[in-house]
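Visitor: Dropping a structure here in structure tokens format, bear with me for questions.
What follows is calculated from the coordinates using simple rules that are stated; it is not laboratory data. Since the structure is predicted, the reported quantities are computational estimates derived from the model, not experimental observations. Using ideal geometry, Cβ is built from the backbone for each residue, glycine included, and neighbour counts are taken over all protein chains shown.
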Amino acid sequence: MNIKQLLLLAVAGLLGCAEAIAQSNAFSYQGNLSENGFPATGSYSLRFILYNAEFGGSQVGPTLTNEPVAVAAGLFTTTLDFGTAVLDGSPRWLEVAVRTNGSTAIHTALAPRQPLSSAPYAFRAARLTGTLPDAQLSANIARLNGTARFVGNVLFDPSSGPPFAVGNAEVVVKLNADQVDGFDAADFALAGHNHDTNYWKLTGNAGTSPTNGQFIGTTDNQPLEVKVNNQRAFRIEPDTISPNLIGGRFNIATNIFFQGAARGVVIGGGGSSSSPNVVQDNFGVIVGGSGNTNNGDNSFMGAGIRNYVEDRNNALVGGLRNSLDGRQCFLGAGETNRILSIAIDSVLTGGSNNTVRADFATLGGGANNIIDSSSDFGTVSGGANNRIDFSILYGTIPGGFSNFVDGDYAFAAGRRARAVHDGAFVWADSQDTNFASTANNQVSFRCLGGVRFTSGGTAANQQVAWTPGSASWTFSSDRNLKDDIRPVDGEAVLEKLARVPISEWNYKGYSQRHIGPMAQDFHGAFPLNESTTTLNDADLHGVALAAIQGLNRKLESELKEKDEKISQLEDRLARLEKIMSDAAGR
């Protein structure tokens, strides 16, 4: 066990009433135990030894070993009894050593030794008997056989008459108000009993002004507590720069980096004896909840249960067992979400068991999603079991299930999409198999039910679609979707098309060869739309069909003409054959 520090909070007064003091040497000892920088919780064995010097010196009295001692959120209380002989008024220092209860290891001594407070020395005074001579009294103690000036809290008994009398000219400082005018001290706060305008009244005051030095509080370096039902509800801890404002009974402000309390801390409330809210760095905030720990300088925590903030300038809203170790990061809520210490300026909104390890990353929610180390500027909007792999920049997963990005600027969505190339866009349907990109800067779709694009709007709802088993795209050509329908002269179209140059070519930068017209030439022959640099597939099909019809009519006309000439020739041949037959018969 590595016990790093023991922060002593207080040494309480003697146990029991005045009669018990005379019969007992025991006193109550309270401390704050931290293990590895965090408030300890559990059972421990504590060993106590008195010395006559802060360093070195000799042991005085017996060795006390108290076990088991219960420690909750760092706080413990135990009873010590070294006997009367050691408390003779000489300076004493207490050494405390600790080990886990039940361990056989040697107790670990904690440094430095703690000076023993004045409370245990009251045992010595309580055992004095008989008459003490005046010579042994301090000069500050008033004698009743002379003129006495009482300073401090003075209680008169009997309440009036000898041996006590106060003249009008005498100054009595801090006189017990219960003995003045026959009134109790509480009467000075009643609205109807206005001795002085400097008193705060139970019914409220009017005309107060902080600019005139009026305030409720303390004038020394001690905390101020507000209690309800005799239990702490609010505590103000002093600091020369910024005091701590701590709501709740068990919540704590302490600095794990420097001995003592943090400054500028605000804890709204919540917490319990076993699960206090703890702020352990300067200017940290916890609004409420239970068992939350804020170790971040200038960091904010809303509420929730057992959430943890480690570094500076962070904000964690709430949830359950969320951990924010990054810097300048935001974690909304959810459960067991983590932003790790290597992350800067990242956001995790909520969900369950999500992890961010990169800078400038955004994880919206869902479950079991990961933006891995050095995957800066990555985004996972939600879904489950999605992951942007290590050292991938600007990756995106909008949601879905079990999608994976392993390429810079890549995008994966749907189910089991794998964008494993830079700039790849992969969308996968609901099939339970991986679907991966095959090249950089590629768009890939897996669509077992096909692909459909529609225009919508108030005009004709056009559609372009592809379905598995079809060899090409289909597009809307319903007569009911069309307007201003005009007949086309196929032969004229054929004549124009015959004048359009058809070339073999390739796009610049690519080796693939093609055959077809140039858009400018086609548009010059058929100005069907405003674009002179693109070709519309529907126009190409329409022109081709019209040209075929024109070619068909042209061929039919030419064939008819030829048929007529053939018929005429056949008639002439028949007549000629008859003439020759008749001549041969003679």
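Visitor: Take the alpha-carbon centre of segment 484-500, take the same for segment 327-384, and report the distance between them in whole Å.
Guide: Rounded to whole Å, the Cα centres lie 62 Å apart.
Visitor: Please arrange 374, 273, 45, 472 by counting, for each residue, the other beta carbons lying within 10 Å of its beta carbon, fewest first. Write down the numbers at each step before the final one.
Guide: On the way: 374 15, 273 10, 45 18, 472 7.
Ascending Cβ contact count within 10 Å gives the list 472, 273, 374, 45.
Visitor: Taking 7 Å along the Cα-to-C-beta vector as the label spot, tell me the residue 565-residue 219 distance in nanometres, rounded to one decimal.
Guide: It is 13.3 nm.
Visitor: Averaging sequence separations of C-alpha pairs under 8 Å and six or more residues apart, then dividing by the length of segment 447-517, give the relative contact order as a whole percent.
Guide: On the way: 63 pairs, mean separation 12.0, N = 71.
For segment 447-517, the relative contact order is 17 percent.
Visitor: Also: If you plug each phi of segment 91-104 into the Karplus form 6.51 cos²θ - 1.76 cosθ + 1.60 with θ = phi - 60°, what whole-Hz ³J(HN,Hα) values come out, in order, with x for Gly and Pro?
Guide: Taking θ as phi minus 60°, the curve returns x, 9, 10, 9, 9, 10, 10, 9, 8, 5, 4, x, 6, 9 Hz for segment 91-104.
Visitor: With 10 Å bins from zero, work out the P(r) of segment 490-586 over every alpha carbon pair and list the percent per bin.
Guide: P(r) for segment 490-586, in whole percents per bin: 13, 27, 19, 12, 10, 9, 6, 2, 0.
Visitor: Shifting gears a bit: Let me make sure I get this right: for segment 299-418, a, b and c are the square roots of the gyration tensor eigenvalues over alpha carbons, sorted descending. Under 1.5 in a/c it's rounded, otherwise prolate if a/b > b/c, else oblate. Which is it? Could you put the intermediate results ahead of the total?
Guide: Details: a/c = 2.69, a/b = 1.56, b/c = 1.72.
Note, shape of segment 299-418 comes out oblate.
Visitor: Taking 0.36 nm per residue of sequence separation and subtracting the Cα-Cα distance, how much length would be gained by fully extending the chain between residue 584 and residue 477, in nm to one decimal?
Guide: Values: separation 107, 0.36 × 107 = 38.52 nm, distance 6.90 nm.
Between residue 584 and residue 477, full extension yields 31.6 nm more.
Visitor: Under a straight-distance cross-link criterion of Cα-Cα below 18 Å, which aspartates and glutamates are reachable from residue 562, leaving out those fewer than 8 residues away in the same chain?
Guide: Within reach: 570, 571.
Visitor: Something else now. For segment 227-345, what class follows from the C-alpha gyration tensor (a ≥ b ≥ c being the square roots of its eigenvalues): rounded when a/c is under 1.5, otherwise prolate if a/b is larger than b/c, else oblate?
Guide: Values: a/c = 2.35, a/b = 1.36, b/c = 1.73.
Oblate, because a/c is 1.5 or more while a/b does not exceed b/c.
Visitor: A further question follows. Could you list 530, 561 in order of exposure, starting from the residue whose Cβ has the fewest other Cβ atoms within 10 Å?
Guide: Working: 530 7, 561 10.
By the 10 Å Cβ count, ascending, the order reads 530, 561.
Visitor: Reachable aspartates and glutamates from residue 227, Cα under 20 Å, same-chain residues fewer than 8 places away excluded?
Guide: Cα-Cα hits under 20 Å: 237.
Visitor: Determine, from the Cβ-Cβ distance of residue 313 and residue 390 and an R0 of 45 Å, the FRET efficiency 1/(1 + (r/R0)^6), rounded to the nearest 0.05.
Guide: Numbers: r = 26 Å, r/R0 = 0.58.
Plugging the Cβ-Cβ distance into 1/(1 + (r/R0)^6) gives 0.95.
Visitor: What nm distance separates the two modelled labels at residue 515 and residue 26, each placed 7 Å from Cα along Cα→Cβ?
Guide: 11.0
Visitor: Okay, moving on. What is the set of long-range amide H partners of residue 109 at a cut-off below 5 Å, with H atoms built 1.01 Å from backbone N?
Guide: Sorted by chain and number, the residues that satisfy this are 98.
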